[in-house]
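Inspection log for the structure reproduced underneath, given as structure tokens.
The values are calculated or read from the model by the stated rules, or taken from the named source; none is laboratory data. Just so it is clear, the structure is predicted and the values come from calculations on it, not from any experiment. For neighbour counting, all protein chains shown are included, and Cβ atoms are generated from backbone atoms with ideal geometry for every residue, glycine included.
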């Protein structure tokens, strides 16, 4: 027990003392913040410029051959409709720069749903402003017969749906029910992206720097592997704690800046559902799935002679963890599908698939339990293989150990 | 008669189809330097790994201090393997303290020993330097420190002077001398026969997993009618089919 504690402490401190650990951890929220900020500022600036330009665009000619454009709408924009006979002449004026733009709504508009815009320059902002103007004139003209401005706005922009769902005759929380278990899916990927790889590098680096034989003299392989696993779990908890702190800080900063945080799809933090059974299954899938992948990574590092080769082999596990995203709609909506069933129990895909299905609750208690049992069996196998590979392969410095030597007596 | 520190009896080791060691038996007593010799692939490292429980013997008994070695007895043993290295991303002091703790010392004991050792070998100013920034010779001194931390009863040194300059070689051999005088048994693996002549009390020469010579340095020379261990070694390896002297 004491040696386990020593290994955990050593491995944990070795990882968190690395500058790269903190660079990666700090870089992620910083990059997200930077991208968000720049795109917000950039989009706002573009929108503002287009609006400014749209105000100034008065030298625009409009020809309506379709009969769908309303004269009053055109006039309200400070423009007028020209005669269809002037098309060629106005086009020449645009070409020579005397007129800024010409919008032609053809008589085939209704059938082809196409119209033309001629511009005196290829300035993208101006292009956006004029096409926006042309689109606005057409839509407003078409919606005008509806009557009030509110109805026109409703027809143009639609309305937000508020979904009320019932379960067993009672009103249910709808999407709010999926938020908490859904966070476990996000957490799994954070852990997978940041932590599972530590097992790979921790073992393969020990092989590469030849410290393994000295270590194995003083501690047995099982304790060493378990110590490393527990240290990686601690590292992961540190990361999760750090990201949670950053999220809370971001929330308060946004609030202090007067921005209300609107969550998508009608998600309401006050109405989140904390179902203990669902959470227990999600937590179990997360932990067992993590340990299973960590076991596979350790075995890979122990079997292969170098970090480079170990990294190449480990790609299989990364692919396995991301495959479910190609089937996400099927996983969420078609639980009876044989493919869904297969990937629920296939070791490399089972953690993510089970987490997703548990989130939307499309697994029976029996199926959820079977998935957990299967995953646990594979986790035990992966750790057993890892310890065995570690015992047999950790001192093979120049070649991969064979399956015969891995599973033989 | 005192109990030997190491006792190996009829030890056989096969890995896969290959027989690595065939019926090896020998003892090592406290306070003696025992040279384990043999060409590459003769079974020396496999014997040591089996003695330390890293490999499981096919048959036979391998005892340290009267029992099969487990990592729980880590403090009894110091091992400097041929393929050696340390955590390159850790500092010298952190690395030494970690191994000291793994060997069963308290953190304070490990720290105290490490500081004194680094001072003795002229690395006091490198205590907080990362291992990867040390020269090969400096790293080797740290590795020896890791092996002897805790004052082991049995010190196993596999080519300890490989790559060391004469000054550091003398320093290392002086440290080994001190440990031996303090009662530790030393298994010394080397290809340098002058070191064997200078240091070893007894020796064993392995060829193809079998003992081909075993006894005190003088007795082995007498048995092979040679003036030097190097000649004995060469004659054993030049034999087409050897006689098992072990």
Discussion item. Considering only residues that are surrounded by fewer than 21 Cβ atoms within 10 Å (Cβ to Cβ) and within 8 Å of another protein chain (Cβ to nearest Cβ), which ones fall in region B:54-76?
Written reply: B:70
Fill in: Failed criterion for residue B:50 (all others in (1) touching a strand residue (DSSP E or B) at 6+ places or on another chain (Cβ under 9 Å); (2) in contact (Cβ under 8 Å) with a residue 40 or more places away in the chain; (3) within 13 Å of chain A (Cβ to nearest Cβ) hold)
(2)
Worksheet entry | Out of A:183, A:133, sole residue that is at pLDDT 85 or above and within 23 Å of the chain's Cα centre (by Cα) | A:183
Worksheet entry | residue B:79 vs. criteria over 23 Å from residue B:220 (Cα atoms), part of a strand (DSSP E or B) and within 9 Å of chain A (Cβ to nearest Cβ) | yes
Practice prompt. State whether the residues of region A:44-59 include one that is away from chain B (no Cβ under 14 Å) and farther than 30 Å from residue A:144 by Cβ.
Written response: yes
Worksheet item: From the set of residues in region B:37-61 that are more than 18 Å from residue B:77 (Cα to Cα) and not in a loop (DSSP other than H, G, I, E, B), which is farthest from the chain's Cα centre (by Cα)?
Response: B:59
Discussion item. Whether any residue in region A:89-108 is out of contact with any helix residue (DSSP H, G or I) (no Cβ under 6 Å at 6 or more places or on another chain) and closer than 27 Å to residue A:158 by Cβ is what I want to check.
Written reply: yes
Worksheet item: Yes or no: residue A:114 out of contact with any strand residue (DSSP E or B) (no Cβ under 7 Å at 6 or more places or on another chain), in a helix (DSSP H, G or I) and without any contact (Cβ under 8 Å) to a residue 40 or more places away in the chain?
Response: no
Discussion item. For region B:105-138, which positions are buried (at least 20 other Cβ atoms within 10 Å of the Cβ), in a helix (DSSP H, G or I) and within 14 Å of chain A (Cβ to nearest Cβ)?
Written reply: B:110, B:131
Worksheet entry | Filtered residues of region B:28-46 (kept if touching a residue at least 24 places away in the same chain (Cβ under 8 Å) and within 14 Å of chain A (Cβ to nearest Cβ)) | B:44, B:45, B:46
Item to complete: Check off (1) surrounded by 13 or more Cβ atoms within 10 Å (Cβ to Cβ); (2) under 43 Å from the mean Cα position of the chain (by Cα); (3) closer than 23 Å to residue A:47 by Cα for residue A:121 and give me the number that stays unchecked.
Response: (1)
Worksheet entry | Any helices (runs of 4 or more DSSP H) falling wholly within region B:170-243 and containing at least 1 residues that are within 21 Å of the chain's Cα centre (by Cα) and within 19 Å of residue B:155 (Cα to Cα) | B:193-199
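Every residue, every condition in (1) outside any helix (DSSP H, G or I); (2) out of contact with any strand residue (DSSP E or B) (no Cβ under 9 Å at 6 or more places or on another chain); (3) within 13 Å of chain B (Cβ to nearest Cβ), yes or no:
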{"residue": "A:171", "(1), (2), (3)": "yes, no, no"}
{"residue": "A:181", "(1), (2), (3)": "no, yes, no"}
{"residue": "A:190", "(1), (2), (3)": "no, yes, no"}
{"residue": "A:194", "(1), (2), (3)": "no, yes, no"}
{"residue": "A:200", "(1), (2), (3)": "no, yes, no"}
{"residue": "A:205", "(1), (2), (3)": "no, yes, yes"}
{"residue": "A:210", "(1), (2), (3)": "yes, yes, yes"}
{"residue": "A:222", "(1), (2), (3)": "no, yes, yes"}
{"residue": "A:225", "(1), (2), (3)": "no, yes, no"}
Worksheet item: under 27 Å from the mean Cα position of the chain (by Cα) and surrounded by fewer than 19 Cβ atoms within 10 Å (Cβ to Cβ), is that true of residue A:161?
Response: yes
